[in-house]
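Data block below; observations after.
The values are calculated or read from the model by the stated rules, or taken from the named source; none is laboratory data. Quantities reported herein were computed from a predicted structural model and do not represent experimental measurements. FYI the Cβ positions are ideal-geometry reconstructions off the backbone, even for glycines, and counts take in every protein chain you see.
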Amino acid sequence: MKIAVIGTGYVGLVTGTCFAETGNQVVCVDVDQKKIAALRSGKTPIYEPGLDVLLARNIKEERISFTDDLTKAVEDALVIFLALPTPAGADGAADLKYVLQVAEQLGSLITTYKIIVNKSTVPVGTAEKVSAILSKRLSSSLFDVVSNPEFLREGVAVDDFLKPERVVIGTTSERATKIMADLYSPFVRQGNPIYFMDARSAEMTKYAANSFLAMKISFMNEIANLCERTGANVDWVRIGIGSDQRIGKRFLFPGIGYGGSCFPKDVLALNLTAQEHEYDFKLLQSVLAVNTLQKKRLVQKLSQYFDHNLQGRQFALWGLAFKPETDDIRDAPSVDIIGELLAAGATVKVYDPVATENVRQLFGDQLLYSESQYEALQDADALLILTEWSEFRNPDFEKIKRNLKAPVIFDGRNVYALEKMKEQGFHYESIGRSSIN
Ligand SMILES: NC(=O)C1=CN([C@@H]2O[C@H](COP(=O)(O)OP(=O)(O)OC[C@H]3O[C@@H](n4cnc5c(N)ncnc54)[C@H](O)[C@@H]3O)[C@@H](O)[C@H]2O)C=CC1
Ligand SMILES: O=C(O)[C@H]1O[C@H](OP(=O)(O)OP(=O)(O)OC[C@H]2O[C@@H](n3ccc(=O)[nH]c3=O)[C@H](O)[C@@H]2O)[C@H](O)[C@@H](O)[C@@H]1O
């Protein structure tokens with residue numbers, strides 16, 4: 001099948017590459033010419049394990065190509081995916097300008113039947129808005145607009161796309177249903193379902209999924225905070241409740257608040273949708289409030305330890321990405337934490353296996369940067385762990401002690417066992433686990 005993917009960010013690139021991998025002919029379009037030039041030479045602008053190999057293979061086999069020419073890209077395509085940004089606008093609502101602008105452009109380019117598939121996360125009613133724009137210039141027999149929200153996670157995006165737990169497709173058109181079922185058939189062969197529904201339900205499903213997951217995390221963060229006050233250990237509580245299949249083991253890890261390019265903006269956007277419909281979504285507002293507070297927890301603990309005066313202290317930060325296996329720092333808790341430490345007059349030295357360059361672009365020479373995790377510790381009064389990269393899980397504790405000014409660790413991701421830290425002689429504080437020092 002001939003496919004065009006508009007927008008070669010995280011979602012567009014993975015979507016295009018995975019459809020090429022299953023034998024389709026894919027053209028990816030972006031307005032960012034630097035990105036297009038890099039992608040043509042096989043360089044992925046994002047760090048995503050496995051994507052480079054897949055991309056190189058499909059470029060070589062000439063199943064995927066990249067262009068900034070929208071007209072040429074959509075000419076032969078039967079299916080056009082929109083993988084465009086939908087950032088939070090000034091009021092928190094999803095900004096639809098990219099999606100609606102491209103819809104206007106497509107209205108003047110389409111001459112034969114096409115399916116416009118929206119992969120971006122968009123508020124309920126967007127498919128109808130796109131249809132209305134296309135209808136200004138095109139007869140309804142020339143297009144169908146489909147909502148096909150994407151559920152991939154950064155860091156394991158290729159796997160999530162190739163083996164999805166489910167595919168959600170919002171359309172009531174029989175013609176589009178058949179084509180979409182055909183396109184996705186290689187990915188759902190293992191018995192994972194495709195759910196066809198109306199576009200409004202598909203759009204809402206995406207926000208409900210992200211908001212529910214964010215709620216799970218905020219709930220566990222509050223349980224963790226209460227564990228600290230009551231002397232319970234959240235590790236045990238997590239295991240204790242997670243074995244109930246109605247609750248599930250996953251997404252119960254407390255920490256320094258959820259981050260990333262989607263949960264923060266999507267929870268905000270769903271709350272705005274509720275407000276627009278005069279519905280007071282109390283639970284969502286709490287999810288947002290809890291997350292804002294949780295991002296401050298680690299610095300509060302640190303500040304308390306240093307008698308509420310961080311001025312002139314130096315801290316080493318391990319991990320900057322919003323989660324492991326990505327270089328993405330969009331809405332990462334680390335960005336807030338760095339801001340707070342700098343505002344308190346502290347010196348901050350950072351290390352991350354892949355995200356350092358993105359942080360450098362944001363903070364420039366306000367920070368000290370380290371090439372190695374141990375070098376980052378030199379002259380530091382304490383180590384803060386902000387991302388649970390696997391290389392931090394089993395470090396040389398003697399070397400940590402030698403390099404730090406004092407054996408003090410504030411762990412925002414509960415990476416180490418309390419017993420081990422006591423045995424090693426660290427002052428160790430984590431989330432939801434009473435210190436046993
Ligand atoms: N990043 C993720 O893990 C996931 C993101 N989503 C959703 O997918 C959508 C896209 O997200 P990302 O890929 O992260 O965005 P992104 O911001 O990384 O990439 C968007 C791309 O679109 C390009 N673009 C902007 N205007 C354009 C135009 N007029 N024509 C062609 N290209 C244009 C940009 O240059 C950029 O390369 C968002 O709605 C997001 O909420 C959904 C699931 C997962
Ligand atoms: O819409 C999206 O963009 C995507 O958002 C999330 O994926 P992603 O942002 O890549 O990352 P997650 O693995 O969900 O983690 C999000 C944040 O929650 C935090 N988290 C996650 C799990 C947990 O138990 N505790 C916790 O604090 C992570 O540290 C991270 O900051 C969803 O998991 C995807 O299904 C969705 O497609």
Checklist entry - Does Thr44 meet the test of being hydroxyl-bearing (Ser, Thr, Tyr), within 13 Å of ligand 1 (Cβ to nearest atom) and touching a strand residue (DSSP E or B) at 6+ places or on another chain (Cβ under 6 Å)? => result no
Item to check | Close pairs from region 5-32: first outside the structural domain of Val102 (by TED's automatic domain parsing) and at pLDDT below 95, partner within 16 Å of ligand 2 (Cβ to nearest atom) and among the basic types (Lys, Arg), Cβ under 8 Å, at least 6 apart | outcome: none
Checklist entry - How many residues are surrounded by 13 or more Cβ atoms within 10 Å (Cβ to Cβ) and either over 24 Å from Asp327 (Cβ atoms) or not assigned by TED's automatic domain parsing to the domain that holds Val350 (or both) if we restrict to region 360-405? => result 10
Checklist entry - Identify, please: which residue in region 117-145 is hydrophobic (A, V, I, L, M, F, W, C), in contact with an Asp or Glu (Cβ under 8 Å, 6 or more places away or on another chain) and assigned to a helix (DSSP H, G or I) and is, among those, farthest from Val11 (Cα to Cα)? => result Ile133
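Quick check: is even one residue across region 168-178 part of a helix (DSSP H, G or I), at pLDDT 95 or above, among the polar types (S, T, N, Q) and under 13 Å from Pro149 (Cβ atoms)? Reasoning before the result, please.
Step one: list which residues in region 168-178 are part of a helix (DSSP H, G or I), which gives 174-178.
Those left that are additionally at pLDDT 95 or above: 174-178.
Next, only the ones that are among the polar types (S, T, N, Q) stay: 177.
Narrowing further to those that are under 13 Å from Pro149 (Cβ atoms): none.
Within region 168-178, not a single residue is part of a helix (DSSP H, G or I), at pLDDT 95 or above, among the polar types (S, T, N, Q) and under 13 Å from Pro149 (Cβ atoms).
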Checklist entry - Which of the residues that make up region 1-21 are more than 19 Å from the chain's Cα centre (by Cα) and either of a type in the set (D, E, K, R) or within 11 Å of ligand 1 (Cβ to nearest atom) (or both)? => result Lys2, Ala4, Val5, Ile6, Glu21
Next on the checklist: I'm told Leu55 meets every condition in (1) in contact with a strand residue (DSSP E or B) (Cβ under 9 Å, 6 or more places away or on another chain); (2) farther than 19 Å from Asp144 by Cβ; (3) within 13 Å of ligand 1 (Cβ to nearest atom) except one. Can you identify the failing condition by its number?
Outcome noted: (3)
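Conditions tested, residue by residue: (1) touching a residue at least 12 places away in the same chain (Cβ under 8 Å); (2) within 16 Å of ligand 1 (Cβ to nearest atom); (3) closer than 18 Å to Lys295 by Cβ; (4) not in a loop (DSSP other than H, G, I, E, B).
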site: Ala209; (1), (2), (3), (4): yes, yes, no, yes
site: Phe212; (1), (2), (3), (4): no, yes, no, yes
site: Lys216; (1), (2), (3), (4): yes, no, yes, yes
site: Arg238; (1), (2), (3), (4): yes, no, no, yes
site: Ile247; (1), (2), (3), (4): no, no, no, no
site: Tyr258; (1), (2), (3), (4): yes, yes, yes, no
site: Val267; (1), (2), (3), (4): yes, yes, yes, yes
site: Ala274; (1), (2), (3), (4): no, no, no, yes
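Confirm whether Tyr416 is of a type in the set (Phe, Trp, Tyr) and more than 26 Å from Asn225 (Cβ to Cβ).
no
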Next on the checklist: Can you find, within region 300-327, the residue that is farthest from Gly345 (Cα to Cα) among those that are within 16 Å of ligand 2 (Cβ to nearest atom) and at pLDDT 95 or above?
Outcome noted: Pro324
Item to check | Residue within region 130-137 that is over 20 Å from Glu203 (Cβ atoms) and assigned by TED's automatic domain parsing to the domain that holds Gln25 present | outcome: yes
Checklist outcome for this item: Note on Glu340: of the conditions (1) touching a strand residue (DSSP E or B) at 6+ places or on another chain (Cβ under 9 Å); (2) assigned to a helix (DSSP H, G or I); (3) of a type outside the set (A, V, I, L, M), unmet is (1)
